[in-house]
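Take a look at the structure set out below.
The values are calculated or read from the model by the stated rules, or taken from the named source; none is laboratory data. Keep in mind it's a predicted model, so treat the numbers as computed, not measured. Neighbour counts are summed over all protein chains in view; Cβ atoms, including those assigned to glycine, are modelled from backbone coordinates with ideal geometry. The area values use the complete protein model at the heavy-atom level, side chains included, leaving out ligands, DNA and RNA. Shrake-Rupley method; radii C 1.70, N 1.55, O 1.52, S 1.80 Å.
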Amino acid sequence: CDVLIYDNPGSDIIARYFDDKSYAVLCVRGEKVFVFSFLTSCFRSAFWLGKPLKAYEDSVIALVRPKLIITFTDNNPNFYQISLRWPLIKTAFIQNGTRGGPADIFEKDLTVRKYHVDFMYTFSMNVGRQYLKFLTGTVIPIGSLKNNHFYRDGAINRKATRDVIFVSQFVRKKREDKY
């Protein structure tokens, strides 16, 4: 396949932009398993070094041989490492939700290692700058891709297209946030 979608959540949204036979989904949470890749992952050194998921991911990538690996799971450090192991394959993530607060990816100390993602499709350039603190790659602010797949009640019935439409988001600050 030309495209490997990394992780199942959000794969349905990404898949809308590709032909059925041009992509495969790598489920890293165990929903589905490529049996052949699972078996061959046992022969990879990462498996015996206590990293069976990494070995499985590499086995699937070797089997599928994609040109692009893309994900909606923009806060998974395992995804950030793929480009380092597979430099000839382009990687991209699409930001799937707002970032910030406790237990978020920006709260983790990821500056110890240098990670890389070729293309980071973020809500804004400000969020992209946060990713650039621990990732190398190109930030492309696109807004929320997920918001483009929801229609208001009473919206005009239109034939589904593969267009990307920008929808902005406004969040009013709370009064206690002002100084």
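Looking only at the range 3-31, count every residue that is among the charged types (D, E, K, R) and within 18 Å of F79 (Cα to Cα) and tell me the total.
3
When the range 13-44 is examined, which residues are found to be free of Cβ contacts under 8 Å to residues at least 40 places away in the same chain, farther than 15 Å from D58 by Cβ, of a type outside the set (S, T, Y) and in a helix (DSSP H, G or I)?
Hits for the range 13-44 are A15, D20, K21, V35.
Within the range 35-82, restricting attention to residues that are among the small types (G, A, S) and modelled with pLDDT of 85 or more, which residue is most open to solvent (accessible area, probe 1.4 Å)?
The selected residue is G50.
Answer yes or no: is there a residue in the range 10-19 that is modelled with pLDDT of 90 or more and in contact with a Lys or Arg (Cβ under 8 Å, 6 or more places away or on another chain).
no
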